[in-house]
Each structure stands twice: as C-alpha cells, then as structure tokens.
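The structure appears right after this line, and notes come after that.
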Amino acid sequence: MAPKTVQTAPEIAAGDPKHAARATRSAGRQMRSRLLDGASRLFKERGLVGTSISDIAAAADAFPSQITYYFRTKEALFVEAACREMLYLARATEQAALRAHTPREYTHALAETVTATDSVAFFAEALTLTRRRQDLAPLVERTIERLHSEGARAYASQVERHGWRSLRAPEESSRRFWAVAIGVMIEGHAMGRSAEDLCCEMLRVLGDQATTPPSVDSTRLRVVDDSDKPDRETSS
C-alpha cells in the first residue's frame, strides 16, 4: 500500500501571508469535509463502537492524527457528523415539499423524505451520546434550534404562497414535526419497520397541519364551470 501524503496548501508566492492563510483554511475545510463524509458512512453502517479512528482515516485517505486535530475525539466527530446529516436531511425535505400543492401533499412529502433515510436514527444516537458527554450538547442544541427555525420559515412560506390556513403557528408545527419524526423513527427502527410503515405512522400521528380555504375550492369550481360553458353552448 502506497504511503499517504500529508495534505498541504498550494504553493504560495513568498511574502504573501494573506494568501497563505486563505489556502490553509481552505485545505482545512476540505479535510474536515472528507473526514465527516467518511465518518458518516461508517457510523451509519457500523455504529460508534464498531468504527475505529483508523477506519475513518482510511476512508478519508487521511491520518488518524488529523481526526484528533480537527475533532479531538471520535465521539465529537460522531456528534458533528450526525448533526450535519440532520441538517442535510432538513434541506432535502424542504426541497421535496416545494412541489406540493395541498397541505396533505406537503405533509406527505416531508414524511416520505424523512423516513427514506436513516439520518434521524443517526441523530438520535447522537442525542443519547450527549447524555454522557455534556461537552458535546451545545452542537446538538444549535442543530435542533436550526431545525425548528428553518422548518418554521419554510412552512410559513408555503402557507403564504398557497393561501392555506395553518392549524398551528409555524414554530409549533415545526417543533411538532421533528418531535414526531424522531419518536417514530426511534420506535420504528427498534421494531424493524419498513420505510413505508414509518411514513404511514408519521402521517397518522401528524394528522392535518393546514387546510385549504373554501374560497380556493369554490374558485376552482367556477373555473371548471366556466370552461365547460362553451362546450355546452356549442353542442346546443
């Protein structure tokens, strides 16, 4: 096996410390990203105990010392990787829900996207880990705050866009959604339920989040009736 080479910043012209600093920061961000990518895959496959620092270093084509340099401990890397995956999932659910035209389609798109991956279960393990490692709790708290705030923003935007009537405040709807998602996923994975079963259970627990105003329905009916009139007049 060929020896690894330590990642270094591109060669910088002498006497340009600002460029050198930027290159160093860029190289550091790239290495952190590679370590998080490799760790996320291994942690989801093998769990925290079944994954070693050497395994993660090999997956990222890095040295074990680079993991301790950027993350200090394997547990800290686990929590950061889980939080990162959760925020990626939240972004994916928002994108999927943009195609919805009714409140039920919106809720179904959210639930289907969330239950199609094991990111929530991964995050739930990080929540459990922080009970023993309170030094890691602030990152989890910030992640949960982002889930709630960004979820509320996305939901409020959809309600305004389509003219729906929300049954709860956006902040409450967002908090309720993620609480249900985490609870259903933990229970479902423990009982070996399929993604389809998890999605159905989420939809059952969530119920209706918003309704379509009657004015919208009546407008659609009028449009249909008006479009039918020429055909009836022509036929007569």
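The values are calculated or read from the model by the stated rules, or taken from the named source; none is laboratory data. In this text, all values refer to a predicted model and were calculated from it rather than measured experimentally. All Cβ positions, even for glycine, are placed from backbone atoms using ideal geometry, and neighbour counts span all protein chains on display.
Out of all the residues in segment 150-169, is one or more under 19 Å from Ser119 (Cβ atoms) and out of contact with any Phe, Trp or Tyr (no Cβ under 7 Å at 6 or more places or on another chain)?
Yes, because at least one residue in segment 150-169 is under 19 Å from Ser119 (Cβ atoms) and out of contact with any Phe, Trp or Tyr (no Cβ under 7 Å at 6 or more places or on another chain).
Only one of these conditions is not met by Lys74: (1) farther than 21 Å from Arg204 by Cα; (2) surrounded by fewer than 16 Cβ atoms within 10 Å (Cβ to Cβ); (3) of a type in the set (Lys, Arg); (4) touching a helix residue (DSSP H, G or I) at 6+ places or on another chain (Cβ under 9 Å). Which number is it?
(2)
Quickly run through segment 159-216 and pick out the residues that are basic (Lys, Arg) and touching a His at 6+ places or on another chain (Cβ under 6 Å).
Answer for segment 159-216, where residues must be basic (Lys, Arg) and touching a His at 6+ places or on another chain (Cβ under 6 Å): just Arg175.
Any residue in segment 96-104 that is closer than 20 Å to Met202 by Cα, outside the structural domain of Met31 (by TED's automatic domain parsing), without any contact (Cβ under 8 Å) to a residue 40 or more places away in the chain and among the polar types (S, T, N, Q)?
no
Looking at (1) in a loop (DSSP other than H, G, I, E, B); (2) surrounded by 14 or more Cβ atoms within 10 Å (Cβ to Cβ); (3) touching a residue at least 60 places away in the same chain (Cβ under 8 Å), which one does Glu125 not meet, given that it meets all the others?
Only one criterion in (1) in a loop (DSSP other than H, G, I, E, B); (2) surrounded by 14 or more Cβ atoms within 10 Å (Cβ to Cβ); (3) touching a residue at least 60 places away in the same chain (Cβ under 8 Å) is unmet by Glu125, namely (1).
Here are some conditions: (1) modelled with pLDDT of 60 or more; (2) exposed (fewer than 10 other Cβ atoms within 10 Å of the Cβ); (3) within 17 Å of Ser65 (Cα to Cα); (4) not acidic (Asp, Glu). Leu36 meets all but one. Which one does it not meet?
(2)
Give the residues of segment 97-119 that are in a helix (DSSP H, G or I) and either surrounded by fewer than 18 Cβ atoms within 10 Å (Cβ to Cβ) or not hydrophobic (A, V, I, L, M, F, W, C) (or both), sorted by residue number.
Across segment 97-119, the qualifying residues are Pro103, Arg104, Glu105, Tyr106, Thr107, His108, Glu112, Thr113, Thr115, Ser119.
Mind checking which residues of segment 169-194 are out of contact with any Leu (no Cβ under 7 Å at 6 or more places or on another chain), farther than 19 Å from Tyr106 by Cβ and assigned to a helix (DSSP H, G or I)?
Of everything in segment 169-194, those that are out of contact with any Leu (no Cβ under 7 Å at 6 or more places or on another chain), farther than 19 Å from Tyr106 by Cβ and assigned to a helix (DSSP H, G or I) turn out to be Ile182, Gly183, Ile186, Glu187, His189, Ala190.
I'd like to verify a number: residues in segment 195-213 that are assigned to a loop (DSSP other than H, G, I, E, B) and without any contact (Cβ under 8 Å) to a residue 12 or more places away in the chain, how many?
1
Could you grab me the full set of residues in segment 158-168 that are in contact with a helix residue (DSSP H, G or I) (Cβ under 9 Å, 6 or more places away or on another chain) and either assigned to a helix (DSSP H, G or I) or not basic (Lys, Arg) (or both)?
Within segment 158-168, Gln158, Val159, His162, Gly163, Trp164, Ser166, Leu167 qualify.
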